[in-house]
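The values are calculated or read from the model by the stated rules, or taken from the named source; none is laboratory data. On a predicted model such as this, the values are computed, not experimentally measured, just so you know. Please note: Cβ atoms are built from the backbone with ideal geometry, for glycine as well, and neighbour counts cover all protein chains shown. Just so you know, the surface numbers come from the protein's heavy atoms only, side chains and all, with ligands and any DNA or RNA stripped out. Shrake-Rupley method; radii C 1.70, N 1.55, O 1.52, S 1.80 Å.
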Amino acid sequence: DHTYSGWPSHPRAFPDLMTPIEAAMYLRLDETKHTPMSAIRTLSYWRDRGELKATKYARRVWYLKDELEVFLKNKTEAG
């Protein structure tokens, strides 16, 4: 397991397959009051509720950019 003491630098472009920290940053959780570990817990909460899909392999959890986009679209309020 990884231990995160602080947020890394924000990448210029996000890869199509993201680590939990990259996914949290993509969703801008680093711009809220989340710490890296609380953001990972929030992602897990959304996964457990079926709101966000993840990819599991090599004993790790990864997030596809396309799935994060679907999640954001589902969270977008209808005008």
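Miscellaneous remarks
- Simple point charges give the picture: +1 on the Cβ of Lys and Arg, -1 on the Cβ of Asp and Glu, and for the chain a dipole about the Cα centre of about 160 debye.
- Here the chain exposes an accessible surface that is 49 percent carbon and sulfur, computed with a 1.4 Å probe and the other protein chains kept in place.
- The chain, accessible area per residue, ligands and nucleic acids excluded (1.4 Å, Å²): 73 Å²
- Helical content alone sets the calculated 222 nm signal of the chain at -11500 deg cm²/dmol, taking -39,500 (n - 2.57) per DSSP H segment of four or more residues and averaging over every residue.
- Exposure rank, largest accessible area first [S9, S44; 1.4 Å]: S9, S44
- The heavy atoms of W62 present about 40 square angstrom of accessible area, all protein chains included, probe 1.4 Å.
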